[in-house]
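One structure below.
A short reminder: the numbers here are calculations on the coordinates, not readings from a lab. What you are looking at is a predicted structure, and each value in this text was computed from that prediction instead of being measured. We place every Cβ from the backbone using ideal geometry, glycine too, and count neighbours over all the protein chains shown.
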Amino acid sequence: MAINIEGLSFHYGAGKNAKQILDDINLTVEAGQITAIVGQTGSGKSTLVQHLNALLLPSGGQVVVGDQVVTSKTKEKALGPVRAQVGMVFQFPENQLFASTVLEDVMYGPKNFGKNDEEAEALAKEALIQVGMKEEFWQHSPFDLSGGQMRRVALAGVLAMDPQAMVFDEPAAGLDPKGQEELLDLLQELKAAQKTVVLISHQMDQVLALADQVVVMQDGRVAAIEAPDQLFLRDRQWFLDHALDLPEPVAFAKDLEDHGYHFDHLPKSVTDLAEQIKCQVDWDRVTMPNSLTGGDRDE
Amino acid sequence: MNNLVIGQFIPGKAWLYRVDPRTKILVTVVYVFLLIFANTWPAYALATLFLALTLVLTGQSLELYWRGIKPVMWLIIFTVCLQLFFTGGTPVLFHWQFLKITLPGLINALYVVLRFVLIVLMSTALTLTTPPTAIASAIESLLKPLKAIKVPVAELALMLSIALRFVPLLMLETDKVMKAQKSRGMSLSTGSLIKRSKAVLPLLIPLFIGALQRALDLANAMEVRGFESADNRTRYRVLSFSKQDLVAALGTGLFVLLFIGLLWIN
Ligand SMILES: Nc1ncnc2c1ncn2[C@@H]1O[C@H](COP(=O)(O)OP(=O)(O)OP(=O)(O)O)[C@@H](O)[C@H]1O
Ligand SMILES: [Mg+2]
């Protein structure tokens, strides 16, 4: 399910005190793809994504979610279906837990969106398995869990709604490396299941590895919409101007390019980078320290 | 959410900002107390004049105060209706089925509205020009005499200032949890009353848990930094009376005398 944002503007407050946050945003979140939203802090990323499931209503323009149009005049009652189709995972989602057992908490969303108890339970169990919560925890109080487990339960709470699209606002913040990896795997699973995924992230390595499309925000406007392979071809200055990092492998490749190396395509990972460097190195002229080569390369 | 003017502090440099918070609190208390006895138009006129002067001295725009009054408008209208329809007496001005409006009722209603608006605006002027922490330490200072009868004034004041500190945090938190639960289909604006009040639980429980967690964290943080007793602590900002306070006291004294005089004549 695609989401279209057309001429969206948004401001907090009204009248003289109005504070313009988003200005004339036009973009399409493609169905079944991973769209990453990046930009410096305060550029309006969170504000933008909260329009995707109508938590905020546009001040001007419209958001088209599937076949539903959301404008400034849309009534609260009409928003339910939009929210059922677009799940939202906030930063630190664990503070949304409230029920007396893990299972009940995960069932909350599906039940709100019209599933009966049995359907909701089935969906909840499926979601809990998907995030790797073992059955022994299902009847525990969510407040007895560790932080990482709470985060999984919260995530399951949104997955269980089985939305067509899911939005993640900096989901990896505060997770350990393993947790981050699992999360990225989950995003890819969602994509494989034809879900539309939107991801706000400050980690460009993730963006490069995962995204099909990158939206760069600056001061409440869209500065660029491009595939990551295109985007990261831009010169360093552009990234400085937009307060963005480069992915590690790309930054390294750009350094090497300054020294006469050439890369056929943007290195997507460290392995990719290493591969491309390997074919360009004139091994006869390289003297490696023995400790590094282990003596193997002494040809 | 951040549109609430009542209780909010807005930094500024006008005259009232330089008055000691203790003076401001005392003046507000005296003002509110006197208003209870106001029962004639001249008394209300005088009180309104005093308020107008205060508002001018805050240096803020009148529009701001209008925004402050707006949220409590419904409360005002409600009390007006009560007064209008449920005060007996003669002459009757309007009669329709069981509803009737009498002249004393009408006058009473107007008095109530005026009193309400005056009190709200006066307290708004206080909180608008005084940071919450200053209010807390002023209250502590004013209540000091109660220490003689073993009231833990310092602890109470500390609790107050911590509570004040937590208000904006809680508001932010409410907004966050509300959005998270709305995303999971929470709806507070549809369904029967019972259903709606039940729907608040997923909002309240995370808020309580978050607040408790915060409180525990704060308690630990204070303890590891050697906090023992709220008594006899030195302060970063020391309160002191100055020329402005004398002026404020004289002005208020004059107002009180005139006001009592007006009540007397009546
Ligand atoms: N409730 C609010 N009222 C008024 N202004 C707000 C509110 N929430 C956010 N803003 C402002 O909107 C702007 C954009 O905020 P937003 O949270 O969308 O940024 P962001 O790109 O998500 O930043 P970050 O990377 O830090 O999460 C900021 O200038 C912020 O101060
Ligand atoms: Mg954000």
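General remarks:
- Taking a straight line from the alpha carbon of A:Lys111, these aspartates and glutamates sit under 19 Å away, with near neighbours fewer than eight places off in the same chain left out: A:Glu76, A:Glu119, A:Glu121, A:Glu126, A:Asp162.
- Ranked B:Ser240, A:Ser72, criterion: other C-beta atoms within 10 Å, fewest first: B:Ser240, A:Ser72
- Candidate cross-link partners of B:Lys144 among the aspartates and glutamates, defined by an alpha-carbon separation under 17 Å and a same-chain spacing of 8 or more, comprise B:Asp20, B:Glu155, B:Asp231.
- Of every Cα-Cα pair in segment A:95-194, the percent that sits beyond 20 Å: 34 percent
- Between the listed residues A:Val207, A:His242, A:Ala227, the Cα displaced farthest toward the positive end of the dipole of segment A:199-250, a dipole computed from Cβ unit charges relative to the Cα centre, is found at A:His242.
- DSSP bridge pairs, chain A: antiparallel proportion in percent, nearest 5: 55 percent
- Within segment A:155-296, antiparallel bridges make up roughly 50 percent of the DSSP beta bridges whose residues both belong there.
- Here the convex hull built on the C-alpha positions of the protein assembly as shown has a volume of 255 cubic angstrom per residue.
- Convex hull of Cα atoms in chain B, direction-averaged projection (nm²): 20.3 nm²
- Stretchable slack from B:Ser189 to B:Trp96, in nm (0.36 nm times residue separation minus alpha-carbon distance): 30.1 nm
- Here r is the Cβ-Cβ distance between A:Ile277 and A:Ile129 and R0 is 45 Å; the resulting FRET efficiency, rounded to 0.05, is 0.60.
- Loop-located trypsin sites (Lys or Arg not before Pro) across segment A:93-163 with a Cβ neighbour count of 16 or fewer within 10 Å are A:Lys134, with loop assigned by DSSP.
- Hits among aspartates and glutamates - C-alpha to C-alpha of B:Lys24 under 17 Å, sequence gap 8 or more where chains match: B:Glu140, B:Asp245
- Taking every alpha-carbon pair under 8 Å whose residues sit at least 6 apart, chain A reaches a relative contact order of 21 percent.
- Number of partner chain Cβ atoms within 10 Å, mean per residue of A:88-95: 4
- Net charge contributed by nearby residues that have their C-beta within less than 14 Å of B:Lys144 (K/R +1, D/E -1): +2
- In plain terms, the residue of A:His265, A:His202 with the fewest other Cβ atoms within 10 Å comes first and the most crowded comes last, giving A:His265, A:His202.
- For the peptide A:101-108, the mean number of other protein chain Cβ atoms found within 10 angstrom of a residue's Cβ is 1.
- Membrane-span-like helices in chain B, defined here as complete DSSP H runs extending at least 15 Å along the helix axis by their C-alpha atoms with mean Kyte-Doolittle hydropathy no lower than 0.0, are B:21-35, B:41-58, B:73-86, B:103-129, B:132-143, B:153-183, B:201-224, B:243-265; this is a sequence and geometry rule, not a statement about a membrane.
- Sorted fewest first by neighbouring Cβ atoms within 10 angstrom, B:Ile162, B:Ile77 come out as B:Ile77, B:Ile162.
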